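Input: a single structure, listed below in structure tokens.
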Amino acid sequence: MQVRNAFWIFLDKTGSQFDVAVIGAGPAGTAAAYDLLAAGQRVLVVDKHKFPRKKACAGGITPKAYGLFRYEISSIVKRKCCRVRVNPGAKKTAFDIKNTQPLCYMTRREDLDLLAFNKIMEKGAHFKVIKKIRSIVETLAGVTIHTDSGRFKAGHLIGADGANSLVRRLVSPGSVCQRQFAIEADVKIDRPDHYPMEFDFSVSRNGYYWIFPRDDHVNIGCYSTDARPGFQIRQLANYAQKRFSTTRHEAVQLEAVQGYPICTGGFKKKQALKRILFAGDAAGLAEPLLGEGIFFAVKSGQLASRAILESEHRQASAGTLYQRLLKGIHTDLRWADLGARWFYRFPWISLTALSLPLVHQHLAQGYGEGKTISQILFNRAIPGKNTIIPE
């Protein structure tokens with residue numbers, strides 16, 4: 001007989017269980033958990049790590065993502081960027097995209113994750129650090145999770161455990177997503193406020209280098225759409241040396257260097273399970289043009305919770321409802337996928353078009369207002385912004 005921990009013995013004696021288990025306490029998992037807890041659900045949140053914890057992510061939050069959070073996150077914003085510099089390379093002059101409203105909010109990902117984690121704990125989440133999940137079984141009545149810390153039961157499960165999702169591998173063997181890659185580092189420099197947010201297409205094929213200024217340093221990195229990008233720490237170090245060295249002999253030091261995959265292509269796949277839903281990178285819900293993932297993580301987490309809540313009152317499974325709710329996200333991801341294919345196949349034409357004030361001013365205005373790709377392309381209004389839920 002499998003050994004159970006004391007917490008599970010208590011659950012057995014009372015005959016109760018969790019309404020929802022959320023695996024992964026990043027932006028997707030905490031967004032889902034917050035809405036479920038606000039609706040009175042009993043939620044178990046599982047992660048491999050205690051909080052606070054380090055997480056590989058450049059930490060840029062777009063206006064559309066910023067507007068999704070159910071609570072105020074301004075306390076963790078290190079800088080608001082109303083200007084973005086684009087360096088097209090090929091001997092073309094760099095140009096600036098400006099807007100009266102912020103085009104990006106700079107944060108540290110560990111700060112964002114800790115804030116979101118604390119919010120769900122205040123709402124009453126049950127948190128468990130679990131290093132190993134052995135199996136997940138879905139039945140008509142619910143989901144059972146077998147771990148090295150015991151067995152847990154829930155009515156539904158949300159897999160939000162990132163690009164290398166163990167939940168996906170356990171319940172959908174052979175299911176893979178498209179992968180893009182990024183490598184990043186922090187660089188301590190004098191007066192980081194003198195540097196604008198920048199996308200540099202001059203030295204990377206099928207991708208770009210970025211410079212994200214924060215309060216006391218800049219975050220730099222390289223994003224690639226290639227399945228095997230081939231870039232290394234040395235290349236990032238050379239780029240940092242070129243951009244930030246004030247003298248020929250001054251060595252620029254990289255700190256907190258991390259590489260990570262970004263999962264895309266989720267709009268091409270349908271999730272067939274009824275009680276197990278995937279959100280964020282675990283569902284391949286990042287866009288391949290610039291590699292943005294936080295907006296789609298938070299949005300899909302909120303939609304997953306909505307599907308579970310609505311399934312209690314409608315004649316449809318949570319999985320079926322979730323697929324319907326994801327249509328808007330999938331539409332945006334299709335446009336981003338098409339844009340990435342065109343942009344990186346014809347970068348000179350694409351960047352020349354982007355440099356035209358008529359083009360980038362229209363994009364910047366919509367972007368600053370928090371619009372999605374579809375809303376900008378078709379000049380649609382934002383149907384209704386999320387409101388802050390009372391604490």
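For segment 235-391, the fraction of C-alpha pairs more than 28 angstrom apart is 40%. Each distinct pair of alpha carbons in segment 27-82 adds a 1/r term; the inverse of their mean, the Kirkwood radius, is 13.6 Å. Averaging Cα coordinates gives a centre for segment 259-313 and one for segment 172-218; these two points are 23 Å apart.
Binning all Cα-Cα separations of segment 281-357 at 5 Å, short to long from zero, yields these whole-percent fractions: 3, 15, 20, 17, 14, 11, 8, 5, 4, 3, 1.
Can you tally the net charge around R53? Count Lys and Arg as +1, Asp and Glu as -1, for every other residue whose Cβ sits under 15 Å from the Cβ of R53.
On the way: positive: K48, K50, K54, K55, R108, R109, K128, K131; negative: D47, E110, D111, D113, D161.
That works out to +3.
Across the alpha-carbon set of segment 169-318, the Rg to Rh ratio works out to 1.11, Rh being the Kirkwood radius. Directionally averaged projected area (segment 312-365, Cα convex hull): 5.6 nm².
What angle, in degrees between 0 and 90 and rounded to the nearest 10, separates the Cα long axis of helix 109-123 from the longest principal axis of the Cα atoms of the chain? With rounding to tens, the tilt is 30 degrees. Of the residues I276, I262, F296, the one whose Cα sits farthest toward the positive end of the charge dipole of segment 258-320, with +1 on the Cβ of Lys and Arg and -1 on the Cβ of Asp and Glu, is I276. Which one of F152, G370, V129 has its Cα pushed farthest toward the positive end of the charge dipole of the chain, where Lys and Arg give +1 and Asp and Glu give -1 at the Cβ? Selected residue: F152.
Relative contact order of segment 274-342: 37 percent, from C-alpha pairs under 8 Å at least 6 residues apart in sequence. Only the Cβ atoms of Lys and Arg (+1) and of Asp and Glu (-1) were treated as charged; on that basis the dipole of segment 274-323 about its Cα centre amounts to roughly 240 debye. If only the Cβ of Lys and Arg carry +1 and only the Cβ of Asp and Glu carry -1, the dipole of segment 303-391 around its Cα centre is close to 280 debye.
Relative to the Cα centre, the charge distribution of the chain, modelled as +1 at Lys and Arg Cβ and -1 at Asp and Glu Cβ, gives a dipole magnitude of about 780 debye.
Pairs of Cα atoms nearer than 8 Å and 6+ residues apart set the relative contact order; for the chain it is 21 percent. Taking all Cα pairs closer than 8 Å and separated by 6 or more residues, the relative contact order of segment 239-324 comes to 24 percent. For the residues K50, K91, K274, a 1.4 Å probe over the protein chains yields an accessible-area ranking, largest first, of K91, K50, K274.
For segment 86-179, what ratio Rg/Rh do Cα atoms give with a Kirkwood hydrodynamic radius? Each step should come with its number before you reach the end.
On the way: Rg = 20.9 Å, Rh = 17.8 Å.
Checking Rg against Rh, the ratio lands at 1.17.
With viscosity 0.692 mPa s and temperature 37 °C, the Kirkwood radius over alpha carbon pairs of segment 67-139 converts through Stokes-Einstein to a diffusion coefficient of 199 µm²/s. For the chain, a Kirkwood radius taken over Cα pairs fed into Stokes-Einstein (25 °C, viscosity 0.890 mPa s) yields D = 112 µm²/s.
The values are calculated or read from the model by the stated rules, or taken from the named source; none is laboratory data. Remember, it's a predicted structure, so these values are computed and weren't measured experimentally. Because the Cβ atoms are built from the backbone with ideal geometry, glycine has one as well, and the counts that use them run over all protein chains shown. To get the accessible areas, we keep the full protein, side chains included, count just its heavy atoms, and leave off ligands, DNA and RNA. Shrake-Rupley method; radii C 1.70, N 1.55, O 1.52, S 1.80 Å.
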